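Taking it in order: structure first as structure tokens, then the write-up.
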Amino acid sequence: MAPLTEEELQEIPAEGIDPTNPGKYATLLSDLQGNILKGHGRDHAVHLFLQFKPDQTDALKQWIKNFAHHVTSAQKQSNEAQLYRTNKLKGITTESDPFVNFLLTCRGYEALGFEPYQIPGNEPFRFGMKNNSVKNLLRDPAIEEWEPGFQHEIHALLLIANDSLVDLLQTVNQITRELYLLAQVVHREDGFVLRNESQEAIEHFGFVDGVSQPLFLKQDVRKADLRDSFINWDPRAPLSLILAQDPNGKLEDSYGSYLVYRKLEQDVPAFLGAEKFLAEKLNIDRELAGALIMGRFRDGTPVTLSDIPATITNDFNYDLDQTATKCPFHAHIRKSNPRGDTGHVLSSGVTEEQALETERNHRIARRGINFGACDHTKAESTGSGLLFLCFQADITNQFNFIQASWSNINNFVQVNVGPDPLIGQTVAGAERKQKWPLQWGEPETTDQFNFQLWVHLKGGEYFFAPSISFLREMSPNQE
Ligand code: HEM
């Protein structure tokens with residue numbers, strides 16, 4: 001079959017890609033790692049951050065080659081999900097293999113002996129997240145403030161996930177033993193899905209998370225279509241949003257994707273305190289105060305559509321709220337996906353359609369999972385949060401752009417909008433304080449003004465998820 005063309009990667013299949021009938025996407029889906037086009041969906045995950053031992057390159061390559069047979073392809077992920085659904089209908093419990101991703105950093109490729117032309121070329125990936133220019137762009141805290149494990153040079157990330165925690169830990173133990181002589185596990189994170197009473201996935205502040213995602217697969221498009229009509233927001237996306245050609249792929253359609261990994265600690269008591277303070281200051285309900293910070297109520301209702309929790313939907317934009325009287329411009333979801341806002345800026349020189357198109361190309365596929373307290377209502381100031389992961393084709397234009405050019409800055413669509421109160425980083429370094437959005441008026445006391453950040457970066461890195469054929473054909477003498 002002919003390889004996919006540039007145009008085919010850029011087109012949006014109306015119904016989404018169907019892995020049960022993959023047609024021209026067959027090679028791509030069998031060679032692409034899972035979790036990219038769709039989240040792995042398992043309840044538990046362990047992330048092992050590896051540093052390769054310097055004198056073990058050949059043995060490491062051999063290990064990666066063998067291990068590649070356990071890495072889950074997009075095709076396998078979809079087959080297993082299909083089986084799970086069919087069995088569930090029949091009341092049968094499905095036993096599935098652990099879900100596995102294997103990712104490399106630029107330093108990891110170098111440590112394995114790859115030449116610069118063989119290493120994926122996206123600039124932030126080449127630099128690494130500890131690089132000064134990246135740190136300054138994102139306004140991240142100093143590396144010395146990161147957790148010690150993240151301060152090490154990291155070469156690879158192993159993501160292993162399963163619904164059964166016992167099975168997962170067994171797999172992790174086995175892998176750790178295999179790796180003992182070849183690589184050091186310099187850091188480990190254990191993640192899990194938190195759920196609310198309706199069994200929806202939430203984050204530690206209690207808000208439903210993962211509602212708005214770019215969708216690629218037929219099953220996801222169909223599910224979204226049942227709830228939303230795609231009139232005001234179309235969640236479908238082309239493969240070009242998320243895939244990058246693997247320079248070492250062995251097949252005609254060998255693709256990979258860049259992963260941004262950020263450990264974001266959430267200070268739950270501080271967030272709840274800020275919500276209370278804002279509610280008192282604006283004389284509104286506390287839930288509404290939270291929704292003004294996030295852009296959605298805890299149940300997922302967009303605050304631009306309703307000032308009480310009403311219905312979870314993703315079929316909305318801000319066209320009828322251009323003065324931001326319902327949803328503030330700085331609200332987390334409005335900053336991270338303005339849904340056409342940038343086209344409403346007069347004299348920008350582009351049409352609304354062009355602006356929307358450009359905005360949509362900044363979208364990311366979020367694949368995060370929680371860490372810390374198992375009960376978010378008991379989470380303390382430290383120790384709990386989000387292992388934020390997102391896939392994209394181009395880190396510069398996607399994650400870095402959202403964080404640096406939308407979330408962090410004061411002027412956004414209009415002047416003095418303020419940073420995103422959730423994730424905006426206004427000043428790099430230790431003395432950083434959360435800046436209170438100006439629209440809410442000056443707080444009366446210094447204490448009130450000194451809101452600490454509710455979200456703190458504890459470390460992170462940029463990775464590439466290579467094609468499976470590259471991993472499988474890695475050989476000790478391969479350059
Ligand atoms: C601890 C940190 C974070 C928390 C608690 C958080 C929470 C949330 C919640 C509750 C939503 C709404 C539900 C949804 O649409 O899925 C959301 C949406 C979103 N978040 Fe975050 N988030 C965090 C960090 C980030 C970061 C670092 C970024 C990127 C720079 C980001 C980008 C987005 C995007 C793009 C959306 C979807 C917006 C839309 O399409 O309407 N988030 N987040």
As an exercise: evaluate Ala279 against (1) free of Cβ contacts under 8 Å to residues at least 60 places away in the same chain; (2) among the aliphatic types (A, V, I, L, M); (3) within 14 Å of the ligand (Cβ to nearest atom) and give the number of the one condition it does not meet. (3)
Filter the range 2-30 for residues that are acidic (Asp, Glu) and under 21 Å from Pro466 (Cα atoms); the one that is surrounded by the most Cβ atoms within 10 Å (Cβ to Cβ) is Glu8
Residue identified as more than 10 Å from the ligand (Cβ to nearest atom), over 14 Å from Ile202 (Cα atoms) and within 12 Å of the chain's Cα centre (by Cα) among Phe399, Phe391: Phe391
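I'd like the full set of residues that are in a strand (DSSP E or B) and closer than 19 Å to Leu103 by Cβ, limited to the range 16-46. Even if it seems obvious, please write down each step before you answer.
Our first condition is that a residue be in a strand (DSSP E or B); within the range 16-46, this holds for 17, 33, 44-46.
Gln33, His44, Ala45, Val46 - these are the residues of the range 16-46 that are in a strand (DSSP E or B) and closer than 19 Å to Leu103 by Cβ.
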Of everything in the range 290-340, what is more than 16 Å from Val208 (Cα to Cα), more than 12 Å from the ligand (Cβ to nearest atom) and crowded, with 21+ Cβ neighbours inside 10 Å? Give them in sequence order. Pro328, Phe329, His330
Would you be able to say whether some residue in the range 200-216 is assigned by TED's automatic domain parsing to the domain that holds Gly128, closer than 30 Å to Ala393 by Cβ and among the acidic types (Asp, Glu)? no
Give all pairs with beta carbons closer than 7 Å in which a residue from the range 202-225 that is free of Cβ contacts under 8 Å to residues at least 24 places away in the same chain meets a residue that is more than 9 Å from the ligand (Cβ to nearest atom) and not in a loop (DSSP other than H, G, I, E, B); count only pairs at least 6 apart in sequence or on separate chains. none
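Would you say Asp58 is crowded, with 16+ Cβ neighbours inside 10 Å and acidic (Asp, Glu)?
Spelling it out, it is not the case that Asp58 is crowded, with 16+ Cβ neighbours inside 10 Å and acidic (Asp, Glu).
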Selection count where residues are farther than 18 Å from Pro302 by Cα and either surrounded by fewer than 22 Cβ atoms within 10 Å (Cβ to Cβ) or more than 10 Å from the ligand (Cβ to nearest atom) (or both), scope the range 199-225: 10
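Inspect the range 305-313 for any residue being under 29 Å from Ile395 (Cα atoms) and touching a residue at least 24 places away in the same chain (Cβ under 8 Å) and give the result as yes or no. If you could, list the steps in order and put the result at the bottom.
Let us first name the residues in the range 305-313 that are under 29 Å from Ile395 (Cα atoms), namely 313.
Filter once more, keeping what is touching a residue at least 24 places away in the same chain (Cβ under 8 Å): 313.
Yes - at least one qualifying residue is present in the range 305-313.
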Does Asn248 fit the bill of being within 15 Å of the ligand (Cβ to nearest atom) and assigned by TED's automatic domain parsing to the domain that holds Thr27? no
Collect the residues in the range 146-179 that are surrounded by 15 or more Cβ atoms within 10 Å (Cβ to Cβ) and assigned to a helix (DSSP H, G or I), keeping them in residue-number order. Gly149, Phe150, Gln151, Asp167, Leu168, Leu169, Thr171, Val172, Ile175, Thr176, Leu179
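Among the residues of the range 396-420, how many are assigned to a loop (DSSP other than H, G, I, E, B) and either modelled with pLDDT of 90 or more or hydrophobic (A, V, I, L, M, F, W, C) (or both)?
First, the residues of the range 396-420 that are assigned to a loop (DSSP other than H, G, I, E, B): 396-398, 408-411, 413, 415-420.
Going one step further and asking which of them are either modelled with pLDDT of 90 or more or hydrophobic (A, V, I, L, M, F, W, C) (or both), we end up with 396-398, 408-409, 413, 415, 417, 420.
Of the residues in the range 396-420, 9 are assigned to a loop (DSSP other than H, G, I, E, B) and either modelled with pLDDT of 90 or more or hydrophobic (A, V, I, L, M, F, W, C) (or both).
The values are calculated or read from the model by the stated rules, or taken from the named source; none is laboratory data. All values derive from a computational prediction rather than experimental measurement. Because the Cβ atoms are built from the backbone with ideal geometry, glycine has one as well, and the counts that use them run over all protein chains shown.
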